1. Anything in segment 55-64 that is free of Cβ contacts under 8 Å to residues at least 24 places away in the same chain, part of a helix (DSSP H, G or I) and open to solvent by less than 40 Å² (accessible area, probe 1.4 Å)? List them, or say none.
2. So, of the residues in segment 118-137 that are over 13 Å from residue 73 (Cβ atoms) and among the hydroxyl-bearing types (Ser, Thr, Tyr), which turns out to be most open to solvent (accessible area, probe 1.4 Å)?
3. From the list 115, 97, 101, 110, pick out the single residue that is surrounded by fewer than 16 Cβ atoms within 10 Å (Cβ to Cβ) and either small (Gly, Ala, Ser) or touching a residue at least 60 places away in the same chain (Cβ under 8 Å) (or both).
4. On the given criteria, is residue 67 closer than 25 Å to residue 114 by Cα, free of Cβ contacts under 8 Å to residues at least 12 places away in the same chain and assigned to a helix (DSSP H, G or I)?
Amino acid sequence: MPNLLIIILWSFQISACIAAILSWHRYKKTKQRLFLFFLIYVIITEASGYILSYYRPNFPVYNVFTIVSGFFYLFWFRSILNQKKVITIFIVLFFGSIITSFLLEDFFESLWGISLILLAFLILCCVTLYFSKLLNSSTVIEFQKEQQFWICTGLLIFYLGFMPLLLFQDSYFKLVISDYLFAIMTLNSIMYGFFTISFLCLKEK
């Protein structure tokens, strides 16, 4: 079951990356241009984590991913939202959580819960700001053609589902770890599925 879930997740991630490559010329001058390189990094991370898991715990790979993805998303939100000062505060808070995780959590033997929980909360706040902005603009009429809309929808669904899993992960692990992994893989697949749509919708313009 876990291997099947991994294959399904990878298929969504690779599909998003391929869509990003094929549509590059359509968004290379937009604020989403760095998503191509981020998705390549996602695939490298997954491959590295999978290979490393055969030799030792792969927590360092995903802790580094938390740092990179956290700053990537927050700086992207800062570029598309008007509340620059608010997002800057979010970035500082996230940086502080990384320092706290370094001091209080084991980088090599566990996932950084402090940084992950705060990041989930901050991204949900950013997504809320985005949809508030969208509802107050004329763009909402053709939201299905907006790349940012699909990306933010994917992030919203993922982090809404991910937040309770983070907060109660000890309980989940004690119950059924396969259900926990299924939930994580499903949320990831949905998010990268929306990322794929965000690139494909550009063809309709």
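The values are calculated or read from the model by the stated rules, or taken from the named source; none is laboratory data. Predicted model, so just to flag it, every value in this text is computed and none were measured. Neighbour counts run over all protein chains shown; Cβ positions are idealised from the backbone, glycine included. Just the protein is used for accessible areas: all its heavy atoms, side chains included, with ligands, DNA and RNA removed. Shrake-Rupley method; radii C 1.70, N 1.55, O 1.52, S 1.80 Å.
1. Result: 61, single match.
2. 128
3. Selected residue: 110, the only one of 115, 97, 101, 110 that is surrounded by fewer than 16 Cβ atoms within 10 Å (Cβ to Cβ) and either small (Gly, Ala, Ser) or touching a residue at least 60 places away in the same chain (Cβ under 8 Å) (or both).
4. no
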